[in-house]
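Trainee: A single structure is presented below for examination.
The values are calculated or read from the model by the stated rules, or taken from the named source; none is laboratory data. All of these numbers come straight from a predicted model, not from anything done at the bench. Positions of Cβ are generated from backbone atoms using ideal geometry, with glycine treated the same way; all protein chains shown enter the neighbour counts. For the accessible areas, the whole protein counts, side chains as well, though only heavy atoms, and no ligand, DNA or RNA atoms are used. Shrake-Rupley method; radii C 1.70, N 1.55, O 1.52, S 1.80 Å.
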Amino acid sequence: MLTAQQIADILITAEKDRTGIAQISDDHPDIDTATAYQAQRAFVQSKLDAGETFVGYKLGLTSRNKQQAMGLDAPLYGRVTSGMISSYGDPIRLDRFIHPRVESEIAFLLARDIQAPATVISVLAATEVVFGAVDVLDSRYESFKFTLSDVVSDNASAGAFYLGPIGRRPDELGDLRLLGCNVIVGGDVAMTATGAAVMGHPAASVAWLANQLAAEGETLKAGQLIFSGGVTAPVPVKAGESVTFEFAGLGSITVFGA
Ligand code: OOG
Ligand code: MG
């Protein structure tokens with residue numbers, strides 16, 4: 001059995017070498033999710049030790065669109081650090097990643113801590129503003145093939161994130177379940193979805209996270225940014241090609257591989 005630190009070290013090396021590895025569960029099917037979350041902490045700690053700061057969390061597999069795309073049916077979370085936040089308009093540098101994919105997300109910037117038990121209402125009450133966002137996934141596993149424990153250890157495939165140009169208070173946006181998102185690939189509307197795709201309401205995903213963290217003695221804090229999970233399925237990033245994400249009332253984000 002590998003220790004959490006050994007699992008983290010394998011993933012840290014894969015990320016540094018920019019080489020997808022076989023899923024760790026192939027040789028170690030007995031790694032449980034608790035050990036995987038410890039491995040994730042160690043993976044993220046290496047970034048903090050290198051001078052990055054903690055920004056917040058990302059949710060994963062919180063929509064059927066994502067669960068079906070990845071063949072897993074349980075939600076998970078990862079941790080977001082400062083080195084992952086890309087500036088609006090910057091390209092996705094293909095020499096920085098293994099095989100990046102992009103997906104639309106709805107992000108929450110918290111004005112207040114969220115106590116457990118959290119609900120959609122308490123999350124909305126604690127939210128400063130909501131942004132449209134793009135999650136750039138870069139699994140450290142070959143072909144994005146992983147079990148739940150594998151992907152938890154791998155910090156939920158976290159690569160980079162973009163925030164949209166407009167942040168709005170939840171009460172200005174209206175019903176977040178109806179917040180529409182179009183994904184435009186090669187000039188065509190490739191996918192459409194609304195916020196309801198994420199656990200029925202994107203704030204439900206943040207509430208799930210708050211309750212999950214409470215069980216581990218952690219609290220969502222004012223100032224943290226929470227990416228509530230892919231609304232639509234992921235799209236591979238290719239050199240010279242762009243993908244545009246349009247969010248109702250929150251502007252649009254165009255990303256391109258370079
Ligand atoms: C795992 C991470 C999932 C989401 O929003 O569902 C995720 C993956 O798809 O590689 O970020
Ligand atoms: Mg995501």
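Trainee: Per the Kirkwood definition applied to all pairs of different Cα atoms, how many angstroms is the hydrodynamic radius of the chain?
Mentor: By the Kirkwood definition, the hydrodynamic radius is 18.1 Å.
Trainee: Go through segment 121-134 residue by residue and turn each phi into a ³J(HN,Hα) via Karplus (6.51, -1.76, 1.60, θ = phi - 60°); whole Hz please, and just put x for glycine and proline.
Mentor: 5, 5, 5, 4, 5, 8, 8, 6, 9, 10, 10, x, 8, 10
Trainee: If you don't mind, there's one more thing I want to ask. So for segment 79-202, considering every pair of alpha-carbon atoms, how many percent are separated by more than 16 Å?
Mentor: 69
Trainee: Ok, one more. Taking only C-alpha pairs under 8 Å that are 6+ residues apart, what is the relative contact order of segment 131-258 in percent?
Mentor: Worked out over segment 131-258, it gives 28 percent.
Trainee: Can you give the Rg/Rh ratio of segment 8-129, where Rg is from the C-alpha atoms and Rh is the Kirkwood radius?
Mentor: Result: Rg/Rh = 0.97.
Trainee: Same structure again: Using the alpha carbon gyration tensor of segment 197-239, what are the three equivalent-ellipsoid semi-axes (square root of 5 times each eigenvalue), largest first, in whole Å?
Mentor: Computed over segment 197-239, the values are 25, 14, 9 Å.
Trainee: Using a 1.4 Å probe, what is the accessible area per residue for segment 1-88, in Å²?
Mentor: Solvent-accessible surface per residue comes out at 49 Å².
Trainee: A follow-up question, please. Hey, any idea what % of segment 72-188's accessible area is carbon plus sulfur with a 1.4 Å probe?
Mentor: Reported share for carbon and sulfur atoms: 51 percent.
Trainee: Compute the orientation-averaged projected area for segment 174-258 from the convex hull of its Cα atoms and round it to one decimal in nm².
Mentor: 7.0
Trainee: Something else: Which ³J(HN,Hα) values, rounded to whole Hz and listed in residue order, are derived for segment 165-174 from phi using the Karplus coefficients 6.51, -1.76 and 1.60 in 6.51 cos²θ - 1.76 cosθ + 1.60 with θ = phi - 60°, glycine and proline given as x?
Mentor: x, 10, x, 10, 5, x, 6, 7, 8, x
Trainee: Quick one: how many Å² of Ser87 are accessible to a 1.4 Å probe, rounded to 10?
Mentor: Its heavy atoms expose roughly 70 Å² to the probe.
Trainee: Tell me what the chain gives for mean residue ellipticity at 222 nm when only DSSP H runs of n ≥ 4 count, each as -39,500 (n - 2.57), the sum divided by the residue total, rounded to 500 deg cm²/dmol.
Mentor: Computed ellipticity for the chain at 222 nm equals -7500 deg cm²/dmol.
Trainee: When ligands, DNA and RNA are left out and all protein chains stay put, how many square angstrom of accessible area per residue does segment 137-219 have with a 1.4 Å probe?
Mentor: For segment 137-219, the per-residue accessible area is 38 Å².
Trainee: Which order do peptides 36-43, 116-123 fall in by mean Cβ count within 10 Å, highest first?
Mentor: Going from most to least packed, we get 36-43, 116-123.
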